[in-house]
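Coordinate-derived values only; no laboratory data. If you're wondering where the values come from, they're calculated on a predicted model, not measured in any experiment.
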Amino acid sequence: MKRFLALALVLVMSLGLFAGCGSEKQPAADDAQAASDLAYVQGKGKLIVGITDYAPMDYKDENDEWTGFDAEFARLFAEKIGVEAEFIEIDWDSKLMELDAKSIDCVWNGMTITPEIELGAAVGNAYVKNAQVVVMAKDKLASYADITAAKDLTFAVEAGSAGETAANENGLKSVAVGTQTAALMEVQSGAADACIIDITMANAMTGEGTSYADFGYSIELSTEEYGVAFRKGSDMVDKFNTVMEELKADGTLQNLAEKYELTLA
């Protein structure tokens, strides 16, 4: 009887040991998967790109499809990693929260590389040069040749943007709106005297042949560079940097920059 009980006890302990070993392996595999953001994106089969409507980086064409330098670049990158790019408009002021929540996989929309961004996300190497400029009616440019002369004006800026930072750093009175396009509209409506936007957008959206033909700019407040933000610690950054160098080497990225009248970093 004692021998039977001993054998039964050994059997129960052995089954428990095997079960325990099996339960330990699964979390390890899960942790490895979670550690690779690239594997996560490839597993979904799509790269969810957080953007705003911002020409010439991301905007809709006549077929209501997203196009622009960043849209084309993002699709090229997505193709290289074997997935499709899906574009989602976000509140620019909440971009890092959207990234952390995995509502999006990256922020790819003419995003200026700043200490705040680098603190809250993993940022790829700079890819385009940019500057913040003051846009207003052309007939006012001569009266406001420098920022000192423009101190009494009201400026429309995109909330959470480099334009808003430039306004604050220069002690300017500003009104924050949702997008840079909305900032232009504020000036057009007379709600603001001028706006501070990226020079890339100013070149694309103002002057002869554009929707804001009577607008122009002369004051440049700061120079900067654009980058793509991924989740903190993401291995997508190294992959992005590698792919970007490949696209530079074969001339693809330079051709794309010339198409949209941009300067590569």
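Would you work out if the stretch 165-205 is rounded, prolate or oblate? Take a ≥ b ≥ c from the square roots of the eigenvalues of the alpha-carbon gyration tensor; rounded if a/c is under 1.5, else prolate when a/b is larger than b/c, oblate otherwise.
It is oblate, given that a/c is not under 1.5 and a/b is not larger than b/c.
In percent, how large is the relative contact order of the chain, given Cα pairs closer than 8 Å and 6 or more residues apart?
After rounding, I find 24 percent.
How large is ³J(HN,Hα) for each residue in the stretch 200-205, as worked out from phi by the Karplus curve 6.51 cos²θ - 1.76 cosθ + 1.60 (θ = phi - 60°), to whole Hz, x for Gly and Pro?
4, 6, 4, 5, 7, 10
Classify the stretch 135-216: rounded, prolate or oblate, from the alpha-carbon gyration tensor (a ≥ b ≥ c, eigenvalue square roots; a/c under 1.5 rounded; otherwise prolate if a/b is larger than b/c)?
Note, shape of the stretch 135-216 comes out oblate.
Enumerate the calculated ³J(HN,Hα) couplings along the stretch 46-51 in order (Karplus 6.51 cos²θ - 1.76 cosθ + 1.60, θ = phi - 60°), each rounded to whole Hz, writing x wherever the residue is Gly or Pro.
Residue by residue, the stretch 46-51 yields 8, 9, 8, 9, x, 9 Hz.
Just checking my list (i) 19.5; (ii) 14.2; (iii) 22.7 against mean projected area of the Cα convex hull in nm² computed from this structure; which label fits?
Structure-derived value, by its label: (i).
Just for the chain, what percent of DSSP beta bridges are antiparallel, to the closest 5?
Looking only at bridges with both residues in the chain, the antiparallel portion is about 60 percent.
Per-residue ellipticity at 222 nm for the chain, helices alone: DSSP H runs ≥ 4 residues times -39500 (n - 2.57), over residue total, nearest 500 deg cm²/dmol?
-13000 deg cm²/dmol
With a/c under 1.5 counting as rounded, go ahead and sort the stretch 184-265 into rounded, prolate or oblate using the C-alpha gyration tensor (a ≥ b ≥ c being the square roots of the eigenvalues; past the cut-off, prolate if a/b is larger than b/c, else oblate).
Prolate, since a/c reaches 1.5 and a/b exceeds b/c.
Please list, ordered by chain and number, the residues whose modelled amide H lies under 5 Å from the amide H of ALA265; skip anything fewer than 5 residues away on the same chain.
TYR127, VAL128, LYS129
Please identify, among GLU98, GLU79, GLU65, the residue showing maximal mean-square fluctuation in a Gaussian network model of the chain using a 10 angstrom Cα cutoff.
Comparing GLU98, GLU79, GLU65 in the GNM, the peak value goes to GLU65.
Enumerate the lysines that LYS173 could reach by cross-link, defined here as Cα to Cα under 23 Å, with residues fewer than 8 away along the same chain left out.
Within reach: LYS138, LYS140, LYS151.
List, in order, the whole-Hz ³J(HN,Hα) value for each residue of the stretch 127-139 obtained from phi through the Karplus relation with A = 6.51, B = -1.76, C = 1.60 and θ = phi - 60°; use x for Gly and Pro.
For the stretch 127-139, the Karplus curve yields 10, 9, 8, 8, 8, 9, 10, 8, 10, 7, 4, 4, 6 Hz.
Using a Gaussian network for the chain with springs between C-alpha atoms less than 10 Å apart, which of these wobbles most: ALA55, ALA131, ALA191?
ALA191
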